[in-house]
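First up is the structure itself, then whatever we jot down about it.
The values are calculated or read from the model by the stated rules, or taken from the named source; none is laboratory data. It should be emphasised that the depicted structure is a prediction, and the values quoted were computed from it without experimental measurement. Here the Cβ positions follow ideal geometry from the backbone for every residue, glycine too, while neighbour counts run over all protein chains shown. Heavy atoms of the whole protein, side chains included, go into the accessibility calculation; ligands, DNA and RNA do not. Shrake-Rupley method; radii C 1.70, N 1.55, O 1.52, S 1.80 Å.
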Amino acid sequence: MTMTDQPRTVLGTRLLRKEDPALLTGEAKFTGDIAVPGALHLAVLRSPYANATINSVDVSAALAHPGVRAAYSGADLVDLWAAPMPCAWPVTDDMKSPTHYPIAVSKAAYAGDGVACVIAETAAIAKDAIELIRVDYTRHEAVIGLEDALSDRVVVHDEIGTNRSYTWDLKIEEHEGDIDAAFAAAAHTTKERFVHQRLIPSAMEPRSVLAMPQPFGGDMTVYSATQIPHILKIFVAVVLGIPEQQLRVIAPSVGGGFGSKLDVYAEEFLCTALARKHGVPVRWTEERSEASMATIQGRAQIQDIELAADEAGRLTAIRVRLLADMGAYLQLVTPGVPLLGAFLYAGVYELPKAYDFSCTGVFTSMTPTDAYRGAGRPEATYAIERSMDSLAAQMGIDPLELRRRNFIPTASYPYEAFSGLTYDSGDHDAAATMASEMIDYAGLRARQAEQNVEGATKRLGIGVSTYFEMCGLAPSRVLASLNYGAGGWEAATVRVLPTNKVQVVTGTSPHGQGHETSWSMIAAEKLGVDPSDVDVLHSDTALAPYGLDTYGSRSLPVGGVAIANACDGVIEKARQIAAHQLEASADDLEFSDGVFRVAGSPDKEMPLAAVAWEAFTAHNLPDGMEPNLEHHTHYDPPNFSWPFGTHMCAVEVDTETGEIEVLKYVAIDDCGVQVNPLIVEGQVHGGVIQGLAQVLYEGAVYDGDGNLRTSTLAEYLVPAAPDVPPITTGHTVTPSPTNQLGVKGVGEAGTIGAAPAVMNAIVDALSGLGVHDITMPASPHTVWNAIQQAQGGSQ
């Protein structure tokens, strides 16, 4: 049964989120809210040096401090680890990865690396006690620059002897030499370098952990502010050597993640190991300044990209070289993050088989990097979209016109790309047309011609960005070919209770996405019940033992479709029961609005509620049928899902101060069929703000010694409500043909489209002054300097 078999009455409505009342009234419980009498508090002493040998650690003064239960160096804890901390994505067979324990044993590899820890009766006592620990260090030179790291002038980890972790290549050409020939024959070529600064994710809720051992039997319950309770459970079992069946991981209410909680962290292992060792609950909640060093950071790469095009500007070849900053260690998916964009540097454009991509990952003396909203795909979109503007400027044509010449034609979908991947559906011209009409592109260009005259101090710029997002992170066999350490499937169970209330059990784990609302809507649509009668159980490995959690815009196109499939299984079982009760053939039964009806006999019907009761009593079921109405399924998608869109931005730049004002922002996104447009708009708004923030505000700044200079929100500029411009959203709908709901992901779309749209607008405003690029973030000082340099003035 597919969605077209019944009228659509729930999907597509702007249903208010079921999650919000608890959040708005303070009833939602986050990890830090869980009261556990007698719990001990963990504090971690972090290295002040970015590269230092640990000669000795003296914890005696901390141990003597009143209220301290225990204090440990890294060497004291080595026997607690059955394995080092994991990297689940060894992208090449010869990838180099240093040994990484939750507390460093002999070397601190970045400022913030944990070197000792304390557990005490209160968080304040633990914090005071770590100040009493004495560590003797031998400092070494830090490695900060990526190209310096690549030279191996100073090696971060002696055990691997190099800063190069891996080089991953993707070269696709019909015949050997095609790429070089395309560049040699090109009528137009561009070569650009773009630098993505480090970003600090800054989720509203900092990370928090509570490990609670059971008084007997060895069972352990771990509460964590994580995106990945199921994956965390596996790795706690592996690293600590605890039988997996003795572990339960719960992610209660989680206040955002943006990829930063798609990880397994030292503190999760420490709390669990020490709770197990001491037989008492152990908890930890990070402080904001601690989060800036102890939680992963994002982006951090240098991109060199070359385009070749024919006389009309149609792309004929692309060459990309990335230098990606791994930080000091490989976290869960660190090396794979830049490769998530590896197939997207051609954007939404037709390209022959002439594509040359290579990425080298290097270690530095800074906080490890890992997934941050979009994870590799915003970086890829930034590079191709900035380059398309450069190509348009070189050719002297409108950047939107250049894009239209290169769009993959709608009639070509499903489209087999140069990479061999199949893009499921798209209509790029429709999205671009809608965006240009909503922002009044033609009117802005006319205004720009009048405004940007010689001597003007307020210059107008219009930026365009088109994008593809490769999301869903599936199918599993494709992930296997990329050396990814897990699958791409998702699990779901749907049960109809005897009173016709519905329980949905999902392996996805929301942290702000509204799964309880959206999953209720899917089940309600399929089963003909009210969404308020659907309860969604999630984020607890005891209630939902199977799952691969939430990241990479996978929840709806994988988890949501799994729920729809499970509903189909329930309906099919109910159909057999109803046919038996009505003495009709199951093939003659139609199901709509929660009622089975015999075709041609409208008086013969049986509502799902009656079927659920009959399934429960089991008084009159078909021979061999088990009681109760429930279906469990696993869904492994046949393809990624491919959301796309066009974003446009208008800015005004003050050439005397460098100040940028965003006048208009329009986001047209196509995520296929929308389950809840209200949630879609919220996801796009949040994503746009984070993309805009990278361009205008945010940037983790390190000095030459590896010290983070932006460790608090006083120095690290996260945009607040007054900094956010008006955002106008719209959508086109091209259903995905690869799943029964026709859905795609949307959680990262805004971030992917926003950064190049805003930067293209800024550069467009200043191109008449000779400015062709600006480093991010484009602060007023940076913009003013760029203008002065272009004009030959002093800085």
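Partner aspartates and glutamates whose Cα lies under 16 Å from the Cα of Lys458, excluding those fewer than 8 positions away in the same chain, are identified as Glu450, Glu652, Asp654, Glu656, Glu659, Glu661, Asp764. For region 541-697, relative contact order (Cα pairs under 8 Å, six or more residues apart, normalised by length) works out to 16 percent. Binning the alpha carbon pair distances of region 523-647 at 10 angstrom intervals from zero yields the distribution 11, 35, 30, 17, 6, 1, expressed in whole percent.
The spread of Cα positions in region 619-688, taken along each principal axis and listed from longest to shortest, comes to 83, 26, 17 Å. What's the long-distance tail for region 84-135, i.e. % of Cα pairs beyond 14 Å? Roughly 65 percent, once rounded to a whole number.
How high is the FRET efficiency from Thr162 to Val478, r the C-beta distance, R0 30 Å, rounded to 0.05?
Values: r = 30 Å, r/R0 = 1.00.
FRET efficiency, Thr162 to Val478: 0.50.
Heavy-atom accessible surface of the chain, averaged per residue, reaches 36 Å², computed with a 1.4 Å probe. Percent of C-alpha pairs per 10 Å bin in the chain, short distances first: 3, 13, 22, 24, 19, 12, 6, 1, 0, 0. Do you know the relative contact order of region 404-464, to the nearest whole percent, from alpha carbon pairs under 8 angstrom that are 6+ apart? Relative contact order, region 404-464: 20 percent.
Here region 24-133 is treated as a Stokes sphere of Kirkwood radius computed over C-alpha pairs; at 37 °C and 0.692 mPa s its diffusion coefficient rounds to 206 µm²/s.
Summarising the amide proton neighbourhood of Leu629: residues at separation of 5 or more, or on other chains, whose placed amide H is nearer than 5 Å comprise Val496.
The relative contact order of region 343-414 comes to 50 percent, based on Cα pairs under 8 Å that sit 6 or more residues apart.
Note on Lys526: aspartates and glutamates with a C-alpha under 12 Å away, same-chain residues under 8 apart excluded, are Asp5, Asp568, Glu572, Asp593.
If you take the alpha carbon atoms of region 101-199 and fit the smallest convex hull around them, that volume is 199 Å³ per residue.
Order the peptides 689-699, 586-596 from the highest to the lowest mean number of other Cβ atoms within 10 Å of their residues.
So the peptides 689-699, 586-596, ranked by packing, come out 689-699, 586-596.
When shorter helices are ignored and each DSSP H run of at least 4 residues is given -39500 (n - 2.57), the per-residue value for the chain at 222 nm works out to -8500 deg cm²/dmol.
Antiparallel beta bridges, as assigned by DSSP with both residues in the chain, represent about 80 percent of the total such bridges.
Of all lysines in the structure, the ones whose alpha carbon falls short of 29 Å from that of Lys277, not counting any fewer than 8 places away in one chain, are Lys29, Lys107, Lys127, Lys233, Lys261.
Of all alpha-carbon pairs in region 155-203, indicate the percentage at a distance above 11 angstrom.
Working: 962 of 1176 pairs.
Everything past 11 Å amounts to 82 percent.
Rounded to the nearest Hz, the phi-derived 3J(HN,Hα) couplings of region 450-461 under the Karplus curve 6.51 cos²θ - 1.76 cosθ + 1.60 (θ = phi - 60°) are 7, 7, 8, 9, 4, x, 5, 9, 10, 10, 8, x, where x marks glycine and proline.
The alpha carbons of region 456-508 give a radius of gyration and a Dmax of 22.5, 73 Å, in that order. One Cα centroid belongs to region 760-785, the other to region 69-135; the line between them spans 43 Å. Across the accessible surface of the chain, with the other protein chains kept in place and a 1.4 Å probe, carbon and sulfur atoms take up 51 percent. A P(r) calculated from all alpha carbon pairs of region 413-511, with 10 Å bins opening at zero, reads 10, 21, 20, 20, 17, 9, 3, 0 percent.
Note on region 164-273: antiparallel DSSP beta bridges, both residues inside, total approximately 55 percent of the bridges counted. Shown in residue order for region 614-624 are the 3J(HN,Hα) couplings computed by the Karplus curve 6.51 cos²θ - 1.76 cosθ + 1.60 at θ = phi - 60°: 5, 5, 6, 6, 6, 6, 8, 9, x, 3, x Hz (x for Gly and Pro). Computed over region 263-340, the Cα gyration tensor eigenvalues convert (square root of 5λ each) into semi-axes of 45, 12, 9 Å, ordered from largest to smallest. Under a 5 Å amide H to amide H cut-off, with H placed in plane at 1.01 Å, what residues pair with Ser253 once short-range neighbours are removed? Those lying under 5 Å, H to H, from Ser253 are Lys29.
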